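Quick notes on the structure that follows.
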Amino acid sequence: MRRSFAGSLTGALALTAMAVAAPQASGGAAAPDGVVIGGQPVQISESPWVVALSSRDRFGGTRAGQFCGGVLVAPAKVLTAAHCVSSDVLGVPLGQVRDLRVIAGRSTLKATGGREITVSGVQLNPAYDAKTNEGDFALLTLLDPLPASDTIRVAGPGSAAYTAGTGAMVYGWGDTTGGGAYAGELRAAPVKVLPDSACERAYPGRAQGTYRPETMLCAGDENGGHDACQGDSGGPLVAGGRLIGLVSWGSGCGQAESPGVYARLSAAPETWAARS
Ligand code: 4AZ
């Protein structure tokens, strides 16, 4: 049983360690069909703005050190979740992680294509609250820029893309089952922006965390089966060709009554990404 952020972060770390160890012990487990939950493999060339956050030092080499997702919003700027660079996730303070990198242009983590670029700076959203997970944004600066054509634009605050009922896609290399089966290839799952009331009902506070519509976005599948999961955090939720959310938190994965909670891009610091 997984709780929201604080509990799930510890879980994410433990599950990541398991996922790293398991293929070595078994000689390579087949990846179940899922993800992200209920997704399909996608080519990175079709969504070049999806990147993986990596530290082999902290997470081992089996999955190229992948532990979160991110999104290229400018040639040398990657948006991710603030909680992804917390010591809860990293196991040590950020300053002690010597090999924090972004992997771009690679669908299959263990392949050698694309580029691995050193993260030269990390800015936390000044409004991020680690207790409530409000404003779950961090901006990474890359040592070397990527092509401008690989970036994605952010939906402006007034955009219809944030409206309940909008179809969206969530991308990641995370758990495909909710049981610690991590995807070796980038996957994407179709979800819908849900009314804030769906997440307010699911996460009224107390043990599950609290949904705050000003800074969070509710998305998923009313019938369950399509969702983000552990390891997808920081990755993109895209609607109408624009970034609308970052995978942030939730209770379990793919359950109809517990939708995914995303950091709402309209609440990100204004100077962090080009909006249109
Ligand atoms: C996590 O812990 C996590 N089902 C991410 C997304 C969701 C749940 C947990 C949403 O990274």
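From (1) surrounded by 24 or more Cβ atoms within 10 Å (Cβ to Cβ); (2) more than 23 Å from P157 (Cα to Cα), pick out the condition that doesn't hold for G235.
Looking at each condition in turn, G235 falls short on (2).
Quick grid of which residues meet (1) surrounded by fewer than 20 Cβ atoms within 10 Å (Cβ to Cβ); (2) hydroxyl-bearing (S, T, Y):
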residue: L90; (1), (2): no, no
residue: A127; (1), (2): yes, no
residue: T132; (1), (2): yes, yes
residue: P157; (1), (2): yes, no
residue: A160; (1), (2): yes, no
residue: G179; (1), (2): yes, no
residue: K192; (1), (2): yes, no
residue: D196; (1), (2): yes, no
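Within segment 231-276, take every residue that is under 21 Å from G39 (Cα atoms) and polar (S, T, N, Q) and give me the one that is nearest to the ligand (Cβ to nearest atom).
Applying the filter and picking the extreme gives S233.
Hey, could you check segment 248-276 for residues that are among the aromatic types (F, W, Y) and in a strand (DSSP E or B) and say which is surrounded by the most Cβ atoms within 10 Å (Cβ to Cβ)?
Per the criteria, the residue is Y262.
Anything in segment 198-221 that is modelled with pLDDT of 95 or more, outside any helix (DSSP H, G or I), farther than 18 Å from A267 by Cβ and open to solvent by 10 Å² or more (accessible area, probe 1.4 Å)? List them, or say none.
The answer is D221, and nothing else.
Check R187 against each of (1) more than 13 Å from the ligand (Cβ to nearest atom); (2) at negative phi; (3) modelled with pLDDT under 95 and name the one condition it does not meet.
Answer for R187: the failing condition is (3).
Across segment 15-59, which residue is modelled with the lowest pLDDT among those that are part of a loop (DSSP other than H, G, I, E, B) and open to solvent by less than 20 Å² (accessible area, probe 1.4 Å)?
Checking each candidate, the answer is G34.
L142: buried (at least 18 other Cβ atoms within 10 Å of the Cβ), in contact (Cβ under 8 Å) with a residue 60 or more places away in the chain and more than 15 Å from the chain's Cα centre (by Cα), yes or no?
yes
For segment 107-125, what are the residues that are over 22 Å from A273 (Cβ atoms) and touching a helix residue (DSSP H, G or I) at 6+ places or on another chain (Cβ under 6 Å)?
S107
For the condition surrounded by fewer than 18 Cβ atoms within 10 Å (Cβ to Cβ) and not in a loop (DSSP other than H, G, I, E, B), what is the one hit in G113, G95, G165?
Going through G113, G95, G165 in turn, the sole match is G95.
Any idea how many residues of segment 222-232 are within 14 Å of the chain's Cα centre (by Cα) and either surrounded by fewer than 24 Cβ atoms within 10 Å (Cβ to Cβ) or assigned to a loop (DSSP other than H, G, I, E, B) (or both)?
Selection size over segment 222-232: 5.
The values are calculated or read from the model by the stated rules, or taken from the named source; none is laboratory data. None of the values given here were measured: they were computed from a predicted structure. A quick note on method: Cβ atoms are made from the backbone with ideal geometry, for glycine too, and the neighbour counts reach across all protein chains shown. We work out accessible area using only protein heavy atoms, side chains counted, and drop any ligands, DNA or RNA first. Shrake-Rupley method; radii C 1.70, N 1.55, O 1.52, S 1.80 Å.
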